1. Roughly how much of residue 91 is accessible, in Å² to the nearest 10, using a 1.4 Å probe?
2. Once both labels are modelled 7 Å past Cα along the beta-carbon direction, what's the residue 120-residue 53 spacing in nm?
3. For residue 44 and residue 192, what does the FRET efficiency come to when R0 = 35 Å and r is the distance between their Cβ atoms, rounded to the nearest 0.05?
4. Sorting 196, 37 by accessible area (1.4 Å probe), largest first, what list results?
5. Would you kindly calculate the translational diffusion coefficient of segment 33-139, applying Stokes-Einstein with the Kirkwood radius from alpha carbon pairs, for 37 °C and a viscosity of 0.692 mPa s, and quote it in µm² s⁻¹ without decimals?
6. Residue separation times 0.36 nm, minus the C-alpha to C-alpha distance between residue 130 and residue 95: what's the value?
7. To the nearest 0.05, what FRET efficiency results for residue 199 and residue 237 with a Förster distance of 25 Å applied to their C-beta separation?
Amino acid sequence: MTNRRQPPRWWAELLLLGLVYAAYSGGRLLVRGDLRLAVDHGLAILRLEELLRIDFERPLNRLFTDQGLLGIPADFVYASLHYLVTPAVLIWLYHRRPVQYRFARTWLMFSTLLGLIGFALVPTCPPRLLDASYGFVDTMARYSGYGWWGGEASAPRGLGSFTNQFAAMPSLHVGWALWCGISLWRHGRRPVVRALGAAYPAVTALVVMGTANHYFLDAVAGAAVMGVGWLAARAVVPAVNGRSAASAAPASPTAFASPASPTAPGASGPDTARAAGFHGKSTIVSGGWDTSAGELLPVQRSAAAEPAAPGSGFAAPAAPDPAAPGPAAEGPPAGGTAAAAR
């Protein structure tokens, strides 16, 4: 029988997620960091990528800048899906996968809080804010006339002061997209849902680099943060579920007692089996049919007519008592054979 847990109260979940998102938004503003320090961190990341030849953001940014058919859709993806797909997947899990929702929600919360720690410790200037001599172009500023954003990240025009443009390491755009993708891949049943789950984080990683909002190592750090958050959620959620299951356990352990317990006085085998069966149905597979020694075909016997043997749920025929008087043996009267012969 499937144990389908009910989802938690929606208003409590909404309050919890609202508090986490407020901490996320407020934390980004409070840990803006020093401009010089953020630029130094950005240049250090870029030099390391150049040394390892993994500075993939350079050719992607040139491609997105030169080709508006790629750059403009990428700007829309960066400015919107991060704030739309993540809550949509949360709502979907809450309604359609309530058991998995608890773990997924906790995983997302832990990872987001770890990201805030990264913003505080490593304020990082994104490639688009580096000096033009490094070869990056802010595609969102270039194509801002096509959307609602301005030249200050993905914030709407005039609201750039309410965002932290140095919150590049780690990339939670990539981290949240990876969370959405894994959730859709693991819990989606239709192939199209699972395909979207596989494509979404990959597209997001290309977009954040092509728009010069993140370095490649920012994306790697975003995936690493999600991995650490997953481990933390895995350590916490089973313990919480174990306490919940213990508090909801049935008070009497005899509810699942053996159907033919020999220690239960006065309980007959078939009656006990019927009472302990699922929904009151008998748990005897043969349904009363039995084959004794010398019988080729099974015969259905009545439990009332045949006393049960000690410790057994099956009835056995009663042995005749030699001392008890019984009816005379049937047969022809004495001398009947001779009379018949005459």
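1. Ignoring ligands and nucleic acids, residue 91 comes out at about 100 Å².
2. Spacing of the two 7 Å Cα→Cβ label points: 4.0 nm.
3. Between residue 44 and residue 192 the formula returns 0.25.
4. Most to least solvent-accessible, the answer reads 196, 37.
5. Translational diffusion coefficient: 197 µm²/s.
6. Here the answer is 8.2 nm.
7. 0.35
The values are calculated or read from the model by the stated rules, or taken from the named source; none is laboratory data. Because the structure is predicted, anything quoted here is derived from the model rather than measured. Virtual Cβ from ideal backbone geometry, glycine too; neighbours counted across all protein chains shown. Side chains are part of the model used for accessible areas, which takes the heavy atoms of the whole protein and leaves out ligands, DNA and RNA. Shrake-Rupley method; radii C 1.70, N 1.55, O 1.52, S 1.80 Å.
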